[in-house]
Structure formats: C-alpha cells, structure tokens
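Colleague: Questions regarding the structure given below will be posed in turn.
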Amino acid sequence: MSVSQPEILIVLPTLNEEQTIGRVIDEIPRSSLEGAGYKVRLLVVDGNSADRTRDIAQEKGASIVNERRRGKGIAVSKALSAVDADFIFMLDTDYTYPAGYIPDMLKLLGSHHAVIGSRMRGRRQKGAMSRLNLVGNYLLSLIATVFYGKRISDVCSGFWGFRGEVVKALHLRATAFDLEAEIFSQLTRRGYTIAEIPIDYRRRSSPPKLRSLRDGTRIGWALITRRFRRLEKAK
C-alpha cells in the first residue's frame, strides 16, 4: 500500500513585489525538501498588485489567489482559512527573510506547534531596521510577553511555520499588519507551543509598507484587546 507524501504549503503574501517575488521563490529550497520526501506547493496571496507580481510568481510555478481588497491580514486570513497541508509556512516577499531557514524550522515543528524566524535573536544587516522600528518591535514583543505569559522576541516577524492542524484551529479576522499579533494571540490562548529560530534579516530594496507609529499602535492595541476577547471554537 502506497503512503502519501507529507505536504508543505508555503504561503507568500504580496503587494507590488515584482522586484523581489522571483528571488524569494528561487531561494525556497524546494529540491532539498522534495528530496527529503515532501511535496511542496507555493501559494501567492496577492493584494491586487498593479505590477507583474502575479505573472512572475505564476511563471515560477506558484498558484495565485488574488484578493481585491488590499491588506495583508485580509488576504492571508482568507487564504489560511481555506488551505490544507501537513505543514504551512508564511513568508513575507520583500526578500528580507531568507527562505533557506525553512528546513530548520520544519525540524522544530516536530516538537512544537508553530515556529517563528526571529530577527531580534539573529543578525540584522546594517540599515535593515531603523532605530524606531527596533524600539517599537521590542516594546510590542514585551507587551506580548507580559499579557500572554509567553516569552517571544519578535512578535512582528513575517516568517512563520505551523503544523497543518494548528492552522485549522485559528479564526483569523485581521485586516492589516495586526495579522501576526492575532496569530500569536490565538496560538498562545489555545495552548499551542511556539519555538523561535534566529535568522539573518536583510535590508529592503523597496520602501516599507508598514508605517511605524500608526501600525505599531494598531498592533499593540490588537495584542491587548485580543487577550480578553472570547475565543471561537475550533473548526
């Protein structure tokens, strides 16, 4: 009797990333993962890009979901609610997070429910994060640690890995950059374990979409309010 291959799904949220989406996909270690016995799928969740992002991703073998409403949270929440795989990774597509860490993160998912690539515990290229962003990320991670009783160094990381059954238990309603805060909140409140792996973090080649003060305030408020919100039952 044949045994089906375990499947890895890599979710790539995009919005006008034609300069970097190809490099991100090329860096994903598909051949080594497939050589280890996994089936690998790529899913680009696009926020209605006005450039060639979707065309480039499709040329490189990714499936495309186009969400006409802009907002990372809206697009990814919708995608994660519909996907099914043994392991799911979520990776920002501005080429700041090295996709080569996926095999190491996959190993940690053998003993944890989720894993993040931590910029704070790894090395950051000069100019990759402004002083304001560094301070803001430290404060947001401190809020997360205090309110949830779970130490985390980089709650705003755009590089996550999950076991498939964990994603099915999440009920995401985020609309923007509060997505990671909502994921962290639900994971910890549902009793799931989160591991961290130090990663190198590269400088962006394009202007950041996140507005430090406005979006940082929104993320902090999301962490606090979601701590006391009633959890929906698992699907």
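The values are calculated or read from the model by the stated rules, or taken from the named source; none is laboratory data. Predicted model, so just to flag it, every value in this text is computed and none were measured. Every residue, glycine among them, receives a Cβ derived from its backbone with ideal geometry; neighbour counts consider all protein chains shown.
Colleague: Which pairs have Cβ atoms under 8 Å, sit 6 or more apart or on different chains, and link a residue in the stretch 13-41 that is touching a residue at least 12 places away in the same chain (Cβ under 8 Å) to one that is in a helix (DSSP H, G or I) and basic (Lys, Arg)?
Modeller: So the pair list comes out as Pro13/Lys72; Thr14/Arg54; Leu15/Lys72; Val40/Arg30.
Colleague: On the given criteria, is Ile116 touching a helix residue (DSSP H, G or I) at 6+ places or on another chain (Cβ under 6 Å) and at pLDDT 95 or above?
Modeller: Criteria not met by Ile116.
Colleague: Is one or more of the residues making up the stretch 198-210 in contact (Cβ under 8 Å) with a residue 60 or more places away in the chain, of a type in the set (Val, Ile, Thr) and either surrounded by fewer than 15 Cβ atoms within 10 Å (Cβ to Cβ) or touching a Leu at 6+ places or on another chain (Cβ under 8 Å) (or both)?
Modeller: No, the conditions are met nowhere in the stretch 198-210.
Colleague: Suppose the filter is hydrophobic (A, V, I, L, M, F, W, C) and under 14 Å from the mean Cα position of the chain (by Cα); does Phe162 pass it?
Modeller: yes
Colleague: Kindly indicate the residue of the stretch 80-103 that is over 12 Å from the mean Cα position of the chain (by Cα) and small (Gly, Ala, Ser) and also surrounded by the fewest Cβ atoms within 10 Å (Cβ to Cβ) among those meeting that condition.
Modeller: The extreme case among them is Ala82.
Colleague: Scan the stretch 63-79 residue by residue and report those that are part of a helix (DSSP H, G or I) and either of a type in the set (Phe, Trp, Tyr) or crowded, with 16+ Cβ neighbours inside 10 Å (or both).
Modeller: Those that are part of a helix (DSSP H, G or I) and either of a type in the set (Phe, Trp, Tyr) or crowded, with 16+ Cβ neighbours inside 10 Å (or both): Lys72, Gly73, Ile74, Ala75, Val76, Ser77, Ala79.
Colleague: Something else about it: Go through the stretch 204-226 and give me each residue that's under 20 Å from the mean Cα position of the chain (by Cα) and either within 27 Å of Ala82 (Cβ to Cβ) or modelled with pLDDT of 95 or more (or both).
Modeller: The answer is Lys209, Leu210, Asp215, Arg218, Ile219, Ala222, Leu223, Arg226.
Okay, residues lined up against (1) of a type in the set (Phe, Trp, Tyr); (2) in a helix (DSSP H, G or I); (3) under 24 Å from Gly164 (Cα atoms):
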residue: Val11; (1), (2), (3): no, no, yes
residue: Val24; (1), (2), (3): no, yes, yes
residue: Leu33; (1), (2), (3): no, yes, yes
residue: Val44; (1), (2), (3): no, no, yes
residue: Ala50; (1), (2), (3): no, no, no
residue: Ala57; (1), (2), (3): no, yes, yes
residue: Gly61; (1), (2), (3): no, no, yes
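Colleague: Need pairs with beta-carbon distance below 8 Å; first residue free of Cβ contacts under 8 Å to residues at least 24 places away in the same chain and within the stretch 118-138, second surrounded by 13 or more Cβ atoms within 10 Å (Cβ to Cβ); sequence gap 6+ or separate chains.
Modeller: Final answer for the pair search is Asn137/Arg119; Asn137/Met120; Asn137/Met129; Asn137/Asp154; Asn137/Val155; Asn137/Cys156; Tyr138/Met120.
Colleague: Pick from Lys150, Lys168: which is outside any helix (DSSP H, G or I), charged (D, E, K, R) and surrounded by fewer than 21 Cβ atoms within 10 Å (Cβ to Cβ)?
Modeller: Just one listed residue meets the conditions, Lys150.
Colleague: Exactly one of (1) under 22 Å from Val166 (Cβ atoms); (2) touching a Gly at 6+ places or on another chain (Cβ under 8 Å) is unmet by Tyr38. Its number?
Modeller: Among (1) under 22 Å from Val166 (Cβ atoms); (2) touching a Gly at 6+ places or on another chain (Cβ under 8 Å), the lone unmet condition for Tyr38 is (2).
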